[in-house]
Amino acid sequence: MKSLKIAGKTGECEIAIGQSIEDIKINAEKLVVITDRNVKKFHGERFPEAEIIEIGLGERIKTLDTVSTLYEKFLDMELDRSSLVMGIGGGIVCDVAGFAATTYMRGVNFGFVPTTILAQVDASIGGKNGVNFKGYKNMVGTVQQPRFVLCDVALLKTLPEKEVRNGLAEVVKQAAIGDAALFSFLEENVEQTLLLEAEIMEKIVHDSIVIKTKIVEKDETERHERMKLNFGHTIAHAIEKTAGISHGEAVSIGMIVESKISVANGMMKKAELERLKGLLEKIGLPTTLKANISDAIRKDKKRRGNVVKMPVLNGIGDSKIIDLRVEDLEAVVNDMC
Ligand SMILES: NC(=O)c1ccc[n+]([C@@H]2O[C@H](COP(=O)([O-])OP(=O)(O)OC[C@H]3O[C@@H](n4cnc5c(N)ncnc54)[C@H](O)[C@@H]3O)[C@@H](O)[C@H]2O)c1
Ligand SMILES: [Zn+2]
């Protein structure tokens, strides 16, 4: 088992990687578990003794309405500040549970047991808890560290293959921006990673979390440093919407687009771009853009202005933020379509 601690402005968070969900120690008078149908079906038997609330599935339920139904249940259960809310699930469960817990009675204790790769390395880490509003992603939210995050990698075994690949896109992102050794490890252990071998996953989850926590600790409430975590994400939403593909797939293509810009600007070597492409392809992620996303980028330009701040790689494991003209972004995208 490995452990880490985030000492943020909004609280301390204990992170345990490789601990079993059964070993979790609850220090609260009342425990409420928030989860979803899939997670309960596969792992409900392993949950601690608690009141269980199931929320729906998918991005569409990550709303204030869902949060409101949780508040009602919290009221019925007479939850108070001596209680603990535990989100057991993917990024959606963690976001909804974290937001509801940090706003109910101006904040009750909460912790996460993330059950997807994406949630273990990304969504449960960093203290951001948000929901969507009027179709805008993560428009309403709070920043508050959970008390704990327990990453039991055995929970990942039931993930559909697509979710494994989606989560690994974020792992590659994290390695690419901040850890060349992890990137090499992934290259050398792709098969074992795709099989979710426990020892391999513990290392990957741990090292990815270290990258994110270092960035978050430097810059807890966002801005410059935290922007590095957006590598591959500048046009990912445009790709997701236009091409109708998953977030992880869009991030994979986004990382290639952004790296082409790095190569064109003499920051990253072409051979390193090929390494990135090679790793993503071995994982089974797309690296070419089939849909024309120029329209979506142009619409984005109206919203964001003519210059975007974008994370780029100096090389594998080293990133920085640059100002990029939207025209230059469009040129690379057009070239790829
Ligand atoms: N707060 C943050 O800092 C942050 C960071 C990154 C992403 N996010 C958010 O995370 C969300 C995406 O998270 P996600 O990819 O985990 O999606 P998700 O929560 O929808 O989970 C994906 C699917 O896998 C299922 N599932 C979860 N665990 C499982 C398991 N162990 N076995 C089988 N099936 C399982 C879920 O029921 C769901 O159908 C987005 O809403 C995104 O905005 C938040
Ligand atoms: Zn992402």
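A few points about this structure:
- For beta carbons closer than 7 Å, sequence separation of 6+ or different chains, a first residue in the stretch 101-123 that is more than 18 Å from G11 (Cα to Cα) and assigned by TED's automatic domain parsing to the domain that holds D80 and a second that is outside any helix (DSSP H, G or I) and polar (S, T, N, Q), the qualifying pairs are P114/S124.
- Test: V121 is away from ligand 2 (no atom under 16 Å from the Cβ) and under 16 Å from V205 (Cβ atoms): no
- Identity of the residue in the stretch 193-245, of a type in the set (D, E), touching a helix residue (DSSP H, G or I) at 6+ places or on another chain (Cβ under 6 Å) and more than 13 Å from ligand 1 (Cβ to nearest atom), that ends up nearest to L155 (Cα to Cα): E202
- Boolean, P160 is more than 15 Å from ligand 2 (Cβ to nearest atom) and either under 20 Å from G98 (Cα atoms) or surrounded by 15 or more Cβ atoms within 10 Å (Cβ to Cβ) (or both): no
- Any helices (runs of 4 or more DSSP H) falling wholly within the stretch 219-337 and containing at least 3 residues that are more than 28 Å from G58 (Cβ to Cβ): 247-264, 270-283, 294-304, 326-336
- Taking the stretch 148-198 as the region of interest, the helices (runs of 4 or more DSSP H) fully inside it that hold 2 or more residues being closer than 25 Å to I21 by Cα are 161-178, 190-194.
- Look at (1) among the charged types (D, E, K, R); (2) under 26 Å from M201 (Cβ atoms); (3) surrounded by 15 or more Cβ atoms within 10 Å (Cβ to Cβ) and you find that K41 fails only one, number (3).
- Only residues that are buried (at least 24 other Cβ atoms within 10 Å of the Cβ) and more than 10 Å from ligand 1 (Cβ to nearest atom) were counted across the stretch 114-143, and they come to 0.
- When restricted to residues that are of a type in the set (G, A, S), more than 12 Å from ligand 1 (Cβ to nearest atom) and over 21 Å from S246 (Cα atoms), the stretch 144-178 contains 1.
- Filtered by the rule that a residue be surrounded by fewer than 19 Cβ atoms within 10 Å (Cβ to Cβ), at pLDDT 85 or above and either of a type in the set (K, R) or within 11 Å of V333 (Cα to Cα) (or both), the stretch 281-311 gives K282, T288, K309.
The values are calculated or read from the model by the stated rules, or taken from the named source; none is laboratory data. Computed from a prediction, not measured in an experiment: that's the story for all the values here. So basically every Cβ, Gly included, is an ideal-geometry build from the backbone, and we count neighbours across all protein chains shown.
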